[in-house]
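The values are calculated or read from the model by the stated rules, or taken from the named source; none is laboratory data. Worth saying up front: this structure is predicted, and the values here are computed from it rather than measured. Neighbour counts run over all protein chains shown; Cβ positions are idealised from the backbone, glycine included.
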Amino acid sequence: MTSTTASRREVLPETRRSVTHKFSIAGHEGYLTVGLFEDGRPGEIFVKMSKEGSTLSGLMQGFCRAFSLCLQHGLPLSEACQRFRGMRFEPLGMTSNPDVPECSSILDYVANYLLHEFGSGR
């Protein structure tokens, strides 16, 4: 027996507000752009790292697409972020952000930044 559950995707407006945040992890610079729904909730993310290789770039694009779709299908930001906090891989260490002074990976940094900036209750 096959069960199907229809999930309704909340689409962002064609023209949307966004926040772009420059960061550095152990000397590796990056940019996080967060596209916002009309009510100010995050609805999509993009991460661009300088000096990244094609493998890292592809994996980051896949992560951003999946994370964005989760938000658009109603997964609360706090739950989405909890899945990626504490993941450990290079680059890791000290960051340029005093609100998130250390991280264990790019994904850990993004999750902690989103929770700090947009609140864990959203």
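Taking (1) over 15 Å from D108 (Cα atoms); (2) in a helix (DSSP H, G or I); (3) among the polar types (S, T, N, Q) in turn, S7 satisfies each apart from (2). Every condition in (1) under 16 Å from V11 (Cα atoms); (2) of a type in the set (K, R); (3) modelled with pLDDT under 95 is met by R41 except one, and the failing one is (3). One residue stands out among those in the range 79-105 that are part of a helix (DSSP H, G or I) and out of contact with any helix residue (DSSP H, G or I) (no Cβ under 7 Å at 6 or more places or on another chain): the one that is nearest to E29 (Cα to Cα), which is Q82.
Summed over the range 51-76, the residues that are in a helix (DSSP H, G or I), in contact (Cβ under 8 Å) with a residue 24 or more places away in the chain and more than 21 Å from H28 (Cβ to Cβ) give a count of 4. Anything in the range 49-61 that is surrounded by fewer than 16 Cβ atoms within 10 Å (Cβ to Cβ) and within 18 Å of L114 (Cα to Cα)? List them, or say none. The one that is surrounded by fewer than 16 Cβ atoms within 10 Å (Cβ to Cβ) and within 18 Å of L114 (Cα to Cα): Q61. Residues that are among the hydroxyl-bearing types (S, T, Y) and either under 13 Å from the mean Cα position of the chain (by Cα) or more than 23 Å from G43 (Cα to Cα) (or both) within the range 56-106 comprise S68, S78, T95, S96, S104, S105, listed in sequence order.
Any residue at all in the range 113-120 that is outside any loop (DSSP other than H, G, I, E, B), modelled with pLDDT under 95 and crowded, with 16+ Cβ neighbours inside 10 Å? Spell out the reasoning first.
Narrowing the range 113-120 to residues outside any loop (DSSP other than H, G, I, E, B): 113-118.
Keeping just the survivors that are modelled with pLDDT under 95 gives none.
Checked the range 113-120: no residue is outside any loop (DSSP other than H, G, I, E, B), modelled with pLDDT under 95 and crowded, with 16+ Cβ neighbours inside 10 Å.
Return the only residue of L115, L107 being more than 25 Å from D39 (Cβ to Cβ), in contact (Cβ under 8 Å) with a residue 24 or more places away in the chain and not acidic (D, E).
Details: L115 fails: more than 25 Å from D39 (Cβ to Cβ).
Going through L115, L107 in turn, the sole match is L107.
Do you know which residues across the range 76-112 are surrounded by fewer than 14 Cβ atoms within 10 Å (Cβ to Cβ) and out of contact with any strand residue (DSSP E or B) (no Cβ under 7 Å at 6 or more places or on another chain)? Answer for the range 76-112, where residues must be surrounded by fewer than 14 Cβ atoms within 10 Å (Cβ to Cβ) and out of contact with any strand residue (DSSP E or B) (no Cβ under 7 Å at 6 or more places or on another chain): E79, Q82, R83, G86, R88, F89, E90, P98, D99.
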